[in-house]
Amino acid sequence: MIQILQGDITKLIVDCIVNAANSSLLGGGGVDGAIHRAAGAELVAECRLLSGCKTGEAKITKGYKLPAKHVIHTVGPVYQDGVHGEPELLRSCYRKSLELAVQHGIKTIAFPCISTGIYHYPFDAACKLALGEIRDFLKQNDSIDKVILCCYSGTDYTRYVQLSAL
Ligand code: AR6
């Protein structure tokens, strides 16, 4: 089941939230900054042990002070022009995050709109790709009960709902 929500992902009571991180995994702006602020300093301490993360890959940590028990950190592509592997890399972020979630017995997971902020991936293309990848994954795997797509702004929420109905 896929649910689109508007709000702050750091407040969600789910098994796991996904972080749109950078390859250092040591924090940054946007949703990454918000997650690190809400989780507390123990999160960056655990992240330091992970030796970073490649674009399109995902790594898991505990959630510390977050309501979510786990954080899956994934690194979306920086959008250049769409022909530098960006769609494949963004699809990989969703797929690898979901695979990691299954391996850890996670039942409920929330994603932000990966790469659509500081990394400038066009919103509609990113959301269509996310919906496609998540739907495909859920068809082949019934261990995840709920995937939340968490939009920060009302505009993003409205558009995501429209795209999901196409
Ligand atoms: N809850 C949910 N979504 C949020 C929140 C929040 N609290 N805050 C922002 N968003 P971005 P990227 C949305 O820029 O494009 C960082 O510096 C935001 O509105 O956070 O993947 C990392 O360290 C947008 O829709 O991530 C990397 O360097 C979405 O989250 C770089 O940014 C993603 O925007 C990653 O860039």
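Remarks
- Percent antiparallel among DSSP beta bridges (both partners in the chain, rounded to 5): 25 percent
- Remark: relative contact order (the stretch 104-153) = 62 percent; criterion is Cα-Cα distance under 8 angstrom and separation of 6 or more residues.
- Of all lysines in the structure, those lying under 16 Å Cα to Cα from residue 11, and not within fewer than 8 positions of it along the same chain, are 62, 65, 69.
- Taking each residue as 0.36 nm, the span from residue 42 to residue 164 lengthens on full extension beyond its C-alpha to C-alpha distance by 40.3 nm.
- Residue-span extension gain [residue 128 to residue 13] - 0.36 nm each, minus C-alpha spacing: 38.9 nm
- Computed Rg/Rh of the chain, alpha carbon atoms with Kirkwood Rh: 0.93
- The accessible surface of the stretch 90-145, taken with every protein chain in place and a 1.4 Å probe, is 49 percent carbon and sulfur.
The values are calculated or read from the model by the stated rules, or taken from the named source; none is laboratory data. The shown structure was predicted, so the numbers you read here are calculated from the model rather than taken from an experiment. Remember, those area values only see protein heavy atoms, side chains included, never the ligands or the DNA or RNA. Shrake-Rupley method; radii C 1.70, N 1.55, O 1.52, S 1.80 Å.
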